[in-house]
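Below is one structure, written out as structure tokens; the observations come after it.
The values are calculated or read from the model by the stated rules, or taken from the named source; none is laboratory data. These figures come from a predicted structure and were not determined experimentally. Backbone-built Cβ (ideal geometry, glycine too); neighbour counts: all protein chains shown. With ligands, DNA and RNA removed, areas are computed over all heavy atoms of the protein, side chains included. Shrake-Rupley method; radii C 1.70, N 1.55, O 1.52, S 1.80 Å.
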Amino acid sequence: MRARGGKLFWTALGGATLIATGAAQAQTAPAPTQSETSDQDLKVTGQRLPAAEAPRSSTCEVLSRDPFLRASGMASRAYLPTRPTRNPDYSAPPIVPAGSPLPDLSKSRFGVRDVTDGDVATTLGPSALDDTAADGGAAASLDQNSLASAIGACRGAYARGLGDTGASGGNTGAIAANSGVSETGAPMADPAWRVSAANNRQIEARSFIASRDTSLPMGFALFDQGRYGEALDWFRKAASKLQMREGGDEAALFVGKITLQGLGDKSDPVEGVKWLKKVATAPFNPQNETPMFDPRQPDRNTAVGEAAVILANVYSTGFGAVGKDPAEARKWYDRAGDVGHIPAMKRLGDIYYEGVDTPRDVAKAVGYYKRAAKLDHPGAQVALADILWDGEDGVPQDRKAALGWYQAAARNGNAGALYALARAYDLGEEVKADPELAMGFYKTAALGGNAAAKVAMGTYFYEGKLVPRDLAIARKWFEAGAAGDDPDGMFNLAAMLAKGEGGDKDVGKALALLRRAALQGHKTAPRAIAALQKKAN
């Protein structure tokens with residue numbers, strides 16, 4: 001979609017009318033979104049759901065406390081919490097010198113100190129069960145047995161080697177809490193509580209080890225101090241002690257990250273890639289291991305997804321002894337998308353749309369954009385809408401659908417989508433024209449960083465429409481747009497500089513801005529350059 005066109009009558013050039021029509025190419029799906037129904041927002045019997053630092057079964061266990069979710073088996077379909085990625089500047093000096101005393105540890109498994117104690121599950125044994133009936137009679141006993149069965153099923157579903165799944169997904173025998181059938185629908189020889197009891201001793205033993213492990217949080221504490229060599233030793237210990245679903249995936253990920261580039265000239269990208277592949281190919285069950293996606297924090301991730309994305313980035317450009325391999329990069333972006341890392345789907349869409357090291361394929365790009373867009377990725381929603389607005393290379397025009405995707409992205413504060421909506425209401429495209437609403441969208445988009453929207457705001461103040469005419473404010477908005485590399489911002493600012501409107505006159509700077517705008521394809525800039533040079537001579 002194109003920017004709101006403001007008219008600048010440049011009388012300094014003999015009355016020539018120069019029309020600025022800004023352009024914005026926003027990149028970035030709704031459907032029922034994870035963000036709208038995620039367990040981040042649920043309240044179950046007054047309990048807060050666990051943060052990413054808790055064992056993976058914790059969310060399932062908390063949801064199991066709701067009798068309805070427990071009876072329906074829905075508790076085992078919980079999204080996994082995610083955590084921010086750690087991507088420091090490895091070349092920066094350490095915050096704490098190497099060899100200093102070991103840091104004190106928080107209770108968090110991932111070493112995040114701003115997590116409250118209530119968010120971290122430190123014990124998940126029978127003492128954690130809720131009283132579910134006030135009279136303590138037979139009904140309470142039956143429900144307690146049901147809850148114990150459900151919690152045992154949750155732990156079993158996340159324990160490696162017990163109902164585990166392959167990397168291709170598809171659980172062939174996960175227990176549905178309190179149902180007496182497998183997830184495939186086949187009757188089980190014993191009820192769920194009996195199967196859970198048979199596995200409980202092994203699960204409890206693993207839980208005991210994981211809950212008392214200090215090697216993983218110590219690794220994170222040292223990592224955050226910039227003591228990467230020391231952190232590596234602790235992560236290696238954790239990787240050898242903890243299974244993948246207990247934190248071993250996080251430990252192995254950070255062994256890979258540090259080995260890849262965190263040891264200076266001693267880094268070993270080939271070895272780092274081996275560790276990252278170990279994590280990225282870990283077993284994944286989409287039923288109970290799909291991570292939550294927060295469209296306002298799209299880079300939050302799980303270890304499996306992060307490892308796959310790092311591998312894709314490494315192969316996209318090559319890194320050290322690891323050569324560039326675009327096909328391998330696409331494979332790992334695909335794997336990241338399969339394990340729930342939504343931005344990886346968006347990235348694949350960009351690769352095929354732009355034809356990066358592969359033939360351009362708009363239809364394939366639309367397929368990836370739709371996958372991410374339906375899961376509420378604002379960037380994918382805008383990218384898809386941009387294509388649908390005019391249609392392109394076999395993708396038919398569908399402006400009604402495009403407007404819906406812009407609206408979905410705008411709900412998450414995407415500045416490009418807000419600008420697109422402003423443009424629609426400004427010109428009455430697919431909606432009834434509403435100048436005041438358009439200006440509101442332009443302002444919100446401009447404050448969100450959209451350069452074309454900043455130019456539109458400058459045009460309002462230059463023309464004095466809907467707001468009092470104020471050339472000084474108009475010039476500031478055009479300056480902001482030009483700073484964001486918008487060619488219309490450069491052009492309009494040059495027009496004001498050439499005449500001294502809203503501030504000092506500066507013909508030299510005006511010419512420089514016009515040349516920049518011309519290099520970016522502004523159609524009127526070359527004519528304006530010639531006119532200004534002629535006037536100067």
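Observations, loosely collected:
- In this structure, Asp104 and Thr281 have a Cβ-Cβ separation that, at R0 = 45 Å, corresponds to a calculated FRET efficiency of about 0.80.
- The order of the peptides 368-377, 392-401 by mean Cβ neighbours within 10 Å, most packed first, is 368-377, 392-401.
- Tensor-based shape of region 428-537 (alpha-carbon gyration tensor, a/c under 1.5 rounded, otherwise prolate or oblate): prolate
- R0 of 56 Å, Cβ-Cβ distance Asp268-Asp504: FRET efficiency to nearest 0.05: 0.50
- Amide H partners (placed H, <5 Å) of Leu80, local residues excluded: Thr290, Met292
- In this structure the amide hydrogen of Val395, modeled in the peptide plane, comes within under 5 Å of no amide hydrogen from residues 5 or more places off or on another chain.
- Contour excess over end-to-end distance, with Cα ends at Val356 and Ala71 and 0.36 nm allotted per residue: 97.7 nm
- Computed extension gain for Leu466 through Val431, at 0.36 nm per residue and net of the alpha carbon distance, reaches 10.6 nm.
- Full extension of the chain segment joining Asn145 with Asp89 gains 15.1 nm, where the gain is 0.36 nm per residue of separation less the Cα-Cα distance.
- In nm, spacing of pseudo-spin labels at Arg527 and Asp334 (7 Å Cα→C-beta vector): 5.0
- Normalising the average separation of contacting C-alpha pairs (under 8 angstrom, six or more residues apart) by the number of residues puts the relative contact order of region 422-537 at 15 percent.
- Under 19 Å from Lys107, Cα to Cα: lysines that are on another chain or at least 8 residues apart: Lys237, Lys241
- Part-to-part distance (alpha-carbon centres) for region 380-425 and region 439-465, which is given in Å: 19
- For region 363-439: rounded, prolate or oblate by the Cα gyration tensor [a/c cutoff 1.5]: oblate
- Spacing of the two label points (7 Å from each Cα toward its C-beta) at Asp393 and Ala321, in nm: 3.8
- Within the accessible area of region 306-401, the carbon and sulfur atoms contribute 49%, probe 1.4 Å, all protein chains present.
- Ellipsoid equivalent to region 315-464 - semi-axes via the Cα gyration tensor, in Å: 33, 17, 13
- Around the amide H of Gln243, modelled in the peptide plane, lie the amide H atoms of Gly248, all under 5 Å away and 5 or more residues distant in sequence or on another chain.
- Spin-label pair Arg212-Ala512: with each label point 7 Å from Cα along the Cα-Cβ axis, the two points sit 6.8 nm from one another.
- Cα gyration tensor shape of region 416-475, rounded if a/c is under 1.5, else prolate or oblate by comparing a/b with b/c: oblate
- The mean accessible area for residues of region 225-300, using a 1.4 Å probe and ignoring ligands and nucleic acids, is 38 Å² per residue.
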